[in-house]
Ligand code: HEM
């Protein structure tokens, strides 16, 4: 039997790899225009079949999950550990998701609203009127502390500070170069980037070991996600073992903090770049007064639309990967087992048939129509859809709503922001430089 031919696409792996790393959006768009959908991209990890059409996305996300295994996550192993949900497939993935998902259920998010609000106001206290700052630094500091307190359940201020130090050092030491270049993952006599990263891994592991030792058996009455995971039992009544739990905590830290911070930074950029959107949002926020409650913020339609549109125009993760473990038909093309497949979030979000003038930031489009999970997919989809989606959406609304209800900002300059690859995420090249103008006119400082 002959092997089915993959869809057509560009050649020369090294050139496409360079473009995929440096200019992924342009490459994806050019390929779609030239080769149609789906097309095949030659990358070092294999010939990857890419689709950005909602039909193709529907076929991938609604397929029987046993047809796929994870793909494209190997660079993350050193950072998240091999027990991470991101790397598991088959029955283990299913079991682990069942344990991890309940604490992230949408309804549960209310427990974290006040905390998110307080941490935002506290972080904003450091801003000086007239001072310039990077929005992404602010949102990242807020989202890291939210993870430490709401997910890890750390309360004591000195211990929160210790976690901040260790986690920042850990995240910064896993550089894009270490992620991509496996030969660099060697300790050259205890010096060099790998050795440094290993030291920070050990520090974080030490903190997590202490945490699990003191917290096991004392989870009752606590609402943080770690306490809920400690109490979780699988179908056989078994709790999660320590190595499993530690890898999942590192996964939640890595997957949940920078992603949400980037989404919020883009929202702040577009709101100030397109002043009519900011005016409309401020008018909506004004109906709640200067100190809105999280639950009231969650009911604001335009605030929700601003967050949705920010993740549409700048998806933080622009492709989600799978590898077929059985033959699979994608838009009428038969793909053999072992084919890497990517659902391109970016292409779908930039399809003019779905989003007219896709390059325009227009939150109204989310008020005018509803998009299906195959048309709007910032959190991926199907059996591997982001488990933190409700958490991130809640956090974006509460943090942005709280910040903008009581603070005024302006862009520090006219230079347009553009997305650049950070590692697997894409973020604003300059981190969105803003000037803090002070509290709204007429408000008590
Ligand atoms: C705006 C913020 C976020 C974005 C854009 C985002 C996006 C994504 C995407 C695209 C995936 C891959 C889905 C797929 O393969 O179909 C994913 C997976 C995942 N995300 Fe998020 N995420 C965000 C926030 C969070 C948060 C706050 C958490 C937890 C605290 C989280 C935890 C995870 C986990 C554990 C997975 C792996 C799911 C699996 O493989 O079964 N994410 N996320």
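Read-outs throughout are calculated quantities, based only on the coordinates presented, and are distinct from any laboratory measurement. Just so it is clear, the model here is predicted, and its values are computed rather than measured. When we count neighbours, we look across all protein chains shown, and the Cβ atoms used for this are built from the backbone with ideal geometry, even at glycine.
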Item to check | Between segment 107-173 and segment 4-78, the alpha-carbon center distance in angstrom | outcome: 35 Å
Next on the checklist: Taking a virtual spin label 7 Å from the Cα of residue 293 along the C-beta vector, which residues in segment 386-407 bring their backbone nitrogen under 20 Å of it?
Outcome noted: 394-406
Checklist entry - Using a Gaussian network model of the chain with C-alpha springs under 10 Å, which one of 433, 145, 55 is most mobile by mean-square fluctuation? => result 55
Checklist entry - Each label point is 7 Å from the Cα along the Cα-to-Cβ direction; what then is the distance between the points at residue 64 and residue 242, in nm? => result 4.0 nm
Checklist outcome for this item: For segment 1-85, the percent of all C-alpha pairs falling in each 5 Å bin, from 0 up to the bin holding the max distance, is 3, 12, 18, 22, 20, 16, 8, 2, 0
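Estimate the FRET efficiency between residue 213 and residue 55 by the formula 1/(1 + (r/R0)^6), using the beta-carbon distance for r and 56 Å for R0, to the nearest 0.05. Let's see the in-between values first.
Details: r = 51 Å, r/R0 = 0.91.
For R0 = 56 Å, the calculated efficiency reads 0.65.
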Item to check | Contour excess over end-to-end distance, with Cα ends at residue 5 and residue 91 and 0.36 nm allotted per residue | outcome: 27.9 nm
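What ranking of 330, 127 emerges when the number of other C-beta atoms within 10 Å of each C-beta is taken as an exposure proxy, fewest first? Don't jump to the answer; show the numbers that get you there.
Details: 330 22, 127 18.
Fewest-to-most Cβ neighbours within 10 Å comes out as 127, 330.
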Item to check | Estimated FRET transfer efficiency (residue 124, residue 223; beta-carbon r; R0 35 Å; 0.05) | outcome: 0.90
Next on the checklist: For 194, 266, which order do you get if you count the other beta carbons within 10 Å of each Cβ and list the fewest first?
Outcome noted: 194, 266
Checklist entry - In the P(r) worked out for segment 23-129, what percent of Cα pairs fall beyond 20 Å? => result 66 percent
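Listed highest first by mean packing, meaning other Cβ atoms within 10 Å per residue, what order do 23-32, 372-381 come in? Spell out each step's value before the answer.
Working: 23-32: 17.8, 372-381: 20.2.
With the highest mean Cβ count within 10 Å placed first, the list reads 372-381, 23-32.
Write down, largest first, the equivalent ellipsoid semi-axes of segment 13-438 in whole Å, where each equals the square root of 5 times an eigenvalue of the alpha-carbon gyration tensor.
One finds semi-axes of 31, 29, 22 Å for segment 13-438.
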Checklist entry - Cα centroid distance between segment 290-337 and segment 229-245, in Å? => result 29 Å
Checklist entry - Can you work out the base-10 log of I(q)/I(0) for segment 332-445 at q = 0.21, 0.23 1/Å, using the Debye formula on its C-alpha atoms alone? => result -1.49, -1.49
Checklist entry - Regarding segment 48-98, what is the average projected area of its C-alpha convex hull, in nm²? => result 4.3 nm²
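Please give the length that would be gained between residue 14 and residue 334 if that part of the chain were fully extended, namely 0.36 nm times their separation in residues minus their C-alpha to C-alpha distance (nm, one decimal).
Numbers: separation 320, 0.36 × 320 = 115.20 nm, distance 2.64 nm.
Contour length minus Cα-Cα distance gives 112.6 nm.
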Next on the checklist: How much of the DSSP bridge set in the chain is antiparallel, in percent, rounded to the nearest 5?
Outcome noted: 90 percent
Checklist outcome for this item: the chain, Gaussian network, Cα under 10 Å: of 382, 427, 90, the residue fluctuating most is 90
Checklist entry - So if we plug the beta-carbon distance of residue 283 and residue 368 into 1/(1 + (r/R0)^6) with R0 = 25 Å, what FRET efficiency do we get, rounded to 0.05? => result 0.85
Checklist entry - Starting at 0 and stepping by 5 Å, how many percent of the alpha carbon pairs of segment 279-368 end up in each bin? => result 3, 12, 17, 14, 12, 12, 11, 8, 5, 4, 3, 1
Checklist outcome for this item: Cα-only Rg/Rh for segment 88-238 with Kirkwood Rh rounds to 1.02
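Just need the relative contact order of segment 13-438 here, percent rounded to a whole number, with Cα pairs under 8 Å and 6+ apart. Don't skip to the answer; put the middle values down first.
Numbers: 607 pairs, mean separation 115.0, N = 426.
That works out to 27 percent.
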Checklist entry - Between 340, 176, 315, which gets the highest mean-square fluctuation from a Gaussian network model of the chain, Cα cutoff 10 Å? => result 176
Checklist entry - Length gain on complete extension for the stretch residue 203 to residue 175, per 0.36 nm per residue less the alpha carbon to alpha carbon distance? => result 8.3 nm
Checklist entry - Using a ≥ b ≥ c from the Cα gyration tensor of segment 184-296 (square roots of the eigenvalues), is it rounded, prolate or oblate, where a/c under 1.5 gives rounded and otherwise the larger of a/b and b/c decides, a/b for prolate? => result oblate
